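Colleague: Mind having a look at this structure? Questions to follow.
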Amino acid sequence: MSAARRHFALYGFERTTVRGIAAEAGVNVALISRYFGGKEELFARAVAIDLELPDLSSVPKDHLGKRLIEHFFKRWEGNEADDLLRVLVRTAATNPIAAEKVSAILHNQIIPMVTRIAGDKDAQRRASLVATQILGLAYCRYVLNLSDDYLAPQQAIGAIGETVQRYLLSDLP
């Protein structure tokens, strides 16, 4: 699985080949087909991503949005070759398996976090709004490659953090 993760992270979904993964893993390409069914299924398993969301229970309520955006930068500004989050965001626009993975992250990780913060009422809607901000930031920085000249991390933490804060705790229209 580590060879698959590495190839998807380095080359993206489109340019990754099952043959390349098999060669790096030192296995026959037929084994990948037998155990994973093909590139799409292998990708689905390889991008099982934990956002490593922080424990926000001790964070003051008025700092939650900023803290989440700080976490975004900490989590996403790592080594690009090892970070499948970027590949997942790039691929989700054109690949239904990747889009399902993003949706699963929303349902399995973001909604539970929002529920812990804001309670059950509107948790799914709040989580979806938070996801729009984080995915938008990710898309701009890692797909469109808008650099710090456009939006430096500290500016994003302040501006986007305020928006996330509002989505988490303010009354929704």
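Colleague: Can you tell me which condition PRO153 does not meet? The list is (1) touching a residue at least 24 places away in the same chain (Cβ under 8 Å); (2) over 28 Å from PHE13 (Cα atoms); (3) of a type outside the set (A, V, I, L, M, F, W, C), and all the others hold.
Modeller: Condition (2) is where PRO153 drops out.
Colleague: Any chance the range 86-95 includes a residue that's among the charged types (D, E, K, R), in contact (Cβ under 8 Å) with a residue 40 or more places away in the chain and not assigned by TED's automatic domain parsing to the domain that holds ARG126?
Modeller: Looking only at the range 86-95, we keep the residues that are among the charged types (D, E, K, R), and these are 86, 90.
Subset that is in contact (Cβ under 8 Å) with a residue 40 or more places away in the chain: 86, 90.
Filter once more, so that each one left must be not assigned by TED's automatic domain parsing to the domain that holds ARG126: none.
No, the range 86-95 contains no residue that is among the charged types (D, E, K, R), in contact (Cβ under 8 Å) with a residue 40 or more places away in the chain and not assigned by TED's automatic domain parsing to the domain that holds ARG126.
Colleague: For the range 40-59, does any single residue satisfy the condition of being assigned to a helix (DSSP H, G or I), within 19 Å of the chain's Cα centre (by Cα), more than 24 Å from TYR142 (Cβ to Cβ) and of a type in the set (Asp, Glu)?
Modeller: Yes - at least one qualifying residue is present in the range 40-59.
Condition check ((1) under 19 Å from the mean Cα position of the chain (by Cα); (2) in the same structural domain as ARG116 (by TED's automatic domain parsing); (3) outside any helix (DSSP H, G or I)) across all residues:
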{"site": "HIS7", "(1), (2), (3)": "yes, no, no"}
{"site": "ILE21", "(1), (2), (3)": "no, no, no"}
{"site": "LEU31", "(1), (2), (3)": "no, no, no"}
{"site": "GLY65", "(1), (2), (3)": "yes, yes, no"}
{"site": "PHE72", "(1), (2), (3)": "yes, yes, no"}
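Colleague: How many of the residues in the range 126-158 are in a helix (DSSP H, G or I), more than 20 Å from ARG90 (Cα to Cα) and among the aliphatic types (A, V, I, L, M)?
Modeller: Looking only at that region, the number is 3.
The values are calculated or read from the model by the stated rules, or taken from the named source; none is laboratory data. All values derive from a computational prediction rather than experimental measurement. FYI the Cβ positions are ideal-geometry reconstructions off the backbone, even for glycines, and counts take in every protein chain you see.
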